[in-house]
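The block underneath contains the structure these notes are about, expressed in structure tokens.
Rule-based calculations on the coordinates, nothing more; no lab input. Treat the numbers as computed from the prediction; the structure is a model and nothing was measured. All Cβ positions, even for glycine, are placed from backbone atoms using ideal geometry, and neighbour counts span all protein chains on display.
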């Protein structure tokens, strides 16, 4: 039986990294999780349209709402990181630039996630 690899790939010794399917499924799972979480957020914003700051702070300070918001933050930041990673890997060709962009992507997603999570936690704890 013949190999399905090209001669160039045999010379380089580079095969599959074995992570493509896992990455694909993680993107799909986070996208699926984002649907009901985002619908909850949009619904809450519609219901509370025109509400004052104290009302919104009390609503977001509810522990159940806080947990849902934290799940939305986690899922959205993870989905954003995965999606931007694909863009970086596909369109940035210099290895040093690609590595720097991937590291920056990870830190950006982490910083945004932590900042949003701290804001929600502050509302929940203050209630």
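The table below gives the values:
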quantity: Choice from 20, 83, 66 with maximal GNM fluctuation in the chain (Cα, 10 Å cutoff); calculated: 20
quantity: Estimated distance in nm for a label pair at residue 41 and residue 24, the labels positioned 7 Å out from Cα along Cα-to-Cβ; calculated: 2.8
quantity: Estimated FRET transfer efficiency (residue 58, residue 114; beta-carbon r; R0 25 Å; 0.05); calculated: 0.55
quantity: Angle between the chain longest axis and helix 95-126 axis [Cα atoms, degrees, rounded to 10]; calculated: 20
quantity: Nearest-ten-degree value, helix 20-47 long axis tilted from longest Cα axis of the chain; calculated: 20
quantity: Gaussian network model of the chain, springs between alpha carbon atoms under 10 Å - residue of 114, 67, 87 with greatest fluctuation; calculated: 87
quantity: Listed values (1) 0.95; (2) 1.17; (3) 1.06, entry calculated as Rg/Rh (Cα atoms, Kirkwood Rh); calculated: (2)
quantity: Relative contact order of the chain, defined on C-alpha pairs under 8 angstrom at six or more residues apart (%); calculated: 33
